[in-house]
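The values are calculated or read from the model by the stated rules, or taken from the named source; none is laboratory data. Note that the structure is predicted; figures quoted are calculated from it, not measured. Every residue, glycine as well, gets a Cβ built from its backbone with ideal geometry; the counts of neighbours run over all protein chains shown. Quick note on the areas: whole protein, heavy atoms, side chains included, nothing else; ligands and nucleic acids left out. Shrake-Rupley method; radii C 1.70, N 1.55, O 1.52, S 1.80 Å.
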Amino acid sequence: MNSGTRGKLAVGRVKFFGRHRGEVNSSAFSPDGQRLLTASEDGCVYGWETQSGRLLWRLGGHKGPVRFCRFSPDGRLFASTSCDRTIRLWDAADAKCLQVLKGHQRSVETVSFSHDSKQLASGGWDKRVMLWEVQSGQVLRHFVGHRDSVQSSDFAPSSDCLATGSWDSTIRMWDLRAGTPGIFHQKLEGHRGNISCLCHSPSGLLASGSWDKTIHIWKPSTRSVLIQLKGHITWVKSIAFSPDEQQLASAGYSHMVKVWDCNTGKCTETLKGVLNVAHACAFMPDGKLLVSGAVD
């Protein structure tokens, strides 16, 4: 977190997406911000045009509520997870299901892509973390160590390390380099509630949001908390670094999204235009913060 000149933040409000047939569990922006995915309790994945709010597709296939969704960094794929214990990989161009990944024993709660989009990590209620090869759909490795459900995950920028957050209130950092054993090499402790979201910065800092209503920004190499952000009145649901790492956006189970100065820990803006629960927040390359979400 280096000091520097920060450009003026342009704030835009994303339209209300109101055609779900069940609660919205998760949402995710495409890398270019043009599309939005939403995962619904009704068992479907929805795709939307961000600016207009137009529904592009409503995808069935899962045999239970859809818990999480995420685009690949190259924008060519997206993944969805479900209580049906599967992960579905979809072609982002034509919204066609390419593969169904099976291996978890209980609900799959999180999924994340490596930065080259070639690997996929997943975690869920079975307390296990699984690493998959995207092209073949084969399991590469299993990671066991969390004592409770795994709810969040994110690859480090180098893709040599994977961070996972659990209901056991810990973050585990898994070494993904070839030849290393399938055990965690670091454990980050400090939260007093379930870890609900994780996000790496471009330089490798790690932010974590928790049911304890706080956000921690970590330097994983030293296991140290650089700064703690306090101000949410409910669980923290989603977090995102700005491209220059100077700011962090966070959304909670409330009608607001907060923007923080990462150097001082102060909340610089509170956006209260969200109709209901804000399920996703993201900084765009042009500096505009787009906020989405709502439970129908």
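Tell me, which residue of region 94-112 that is of a type outside the set (S, T, N, Q) and assigned to a loop (DSSP other than H, G, I, E, B) is farthest from Leu77 (Cα to Cα)?
Arg106
Quick check: is even one residue across region 136-147 modelled with pLDDT of 95 or more, under 20 Å from Trp90 (Cβ atoms) and buried (at least 20 other Cβ atoms within 10 Å of the Cβ)?
There is no residue in region 136-147 that is modelled with pLDDT of 95 or more, under 20 Å from Trp90 (Cβ atoms) and buried (at least 20 other Cβ atoms within 10 Å of the Cβ).
Just for region 37-56: of the residues that are part of a strand (DSSP E or B) and either under 21 Å from Val108 (Cβ atoms) or without any contact (Cβ under 8 Å) to a residue 24 or more places away in the chain (or both), which one is most open to solvent (accessible area, probe 1.4 Å)?
Per the criteria, the residue is Glu49.
What number of residues within region 118-135 are buried (at least 18 other Cβ atoms within 10 Å of the Cβ) and not in a strand (DSSP E or B)?
So the count comes out to 4.
Please verify whether His115 is assigned to a loop (DSSP other than H, G, I, E, B) and either closer than 23 Å to Cys83 by Cα or open to solvent by 20 Å² or more (accessible area, probe 1.4 Å) (or both), treating the condition exactly as stated.
When the stated conditions are applied, His115 passes them.
Could you list, in sequence order, the residues of region 71-91 that are crowded, with 18+ Cβ neighbours inside 10 Å and either in a loop (DSSP other than H, G, I, E, B) or at pLDDT below 95 (or both)?
Hits for region 71-91 are Ser72, Cys83, Asp84, Arg85.
Could you tell me which numbered condition Glu23 fails, if it satisfies all but one of (1) within 26 Å of Lys102 (Cα to Cα); (2) free of Cβ contacts under 8 Å to residues at least 60 places away in the same chain; (3) not aromatic (Phe, Trp, Tyr)?
(2)
Specify the residue that is farthest from Gln34 (Cα to Cα); the eligible residues are those in region 259-292 that are modelled with pLDDT of 90 or more and open to solvent by 10 Å² or more (accessible area, probe 1.4 Å).
So the residue we want is Thr264.
From Thr234, Thr170, Thr222, grab the single residue that is modelled with pLDDT of 95 or more and either surrounded by fewer than 17 Cβ atoms within 10 Å (Cβ to Cβ) or of a type in the set (Val, Ile, Thr) (or both).
After ruling out the rest, the residue left standing is Thr170.
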